[in-house]
């Protein structure tokens, strides 16, 4: 099973003609990139899970409605929000969508399992920082879903042979043929492959000055769109099943 997920995040390091973009302009870019992803998914009839940054969730009502109307799942991404902010965002989004938000993803800042359980989440998808040095780390670890106080803890997926994780940077940087081989080999070994991309990767670098490490500027924008198109076409051609996180876990 392929669990394809997207993190809806603003990239604060974007400028144009020497002017740093405002929060409103950054949000417009994030929404535009997400709509582009939705069109690509619809073209290939693939359902996915979108983890939206809690700090922009209440400003993205129409986008979240669109995501759900297309059959995708909405979950939360916690960058640096407090427990109270998470609770408020969850109540607001659930009232707008008229359905519960089951999942939350965390990286740098983590809220305890017990506190997240009290907010009635049912799964946690924790991810790690990725930089240019991560291929040199020893990444062998369990990729099994664990249960903790009634919550499912979903780890990052790792290729059992290359030892590369299925994070945003690997998808962007690795040639598609090699990436497809990774997925094929991983599915022979594991029951699922969890893939995640970031919406800011679909920002066209030619239109903006994007402040990020040089190795992260490779294959941005339209090239990422094309790469996602190729990957989804390949999954369909090979009849590889895909699912939303909540459907697979629950």
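The values are calculated or read from the model by the stated rules, or taken from the named source; none is laboratory data. Small disclaimer: the values here were computed from a predicted structure and weren't measured. As a convention, Cβ positions derive from the backbone with ideal geometry for all residues, glycine included, and neighbour counts pool all protein chains shown.
Could you please give the count of residues in region 143-158 that are within 17 Å of residue 245 (Cα to Cα), assigned to a loop (DSSP other than H, G, I, E, B) and touching a residue at least 24 places away in the same chain (Cβ under 8 Å)? Residues flagged as within 17 Å of residue 245 (Cα to Cα), assigned to a loop (DSSP other than H, G, I, E, B) and touching a residue at least 24 places away in the same chain (Cβ under 8 Å) within region 143-158 amount to 6. Counting only helices (runs of 4 or more DSSP H) that fall entirely inside region 16-108 and contain at least 3 residues that are modelled with pLDDT under 95, the qualifying elements are 23-43. Residues in region 114-131 that are surrounded by fewer than 15 Cβ atoms within 10 Å (Cβ to Cβ), at pLDDT 90 or above and out of contact with any helix residue (DSSP H, G or I) (no Cβ under 6 Å at 6 or more places or on another chain) were compared, and the one that is nearest to residue 143 (Cα to Cα) is 114. Within the option set 196, 161, being outside any helix (DSSP H, G or I) and either farther than 30 Å from residue 25 by Cα or at pLDDT below 90 (or both) holds for one residue only, 161.
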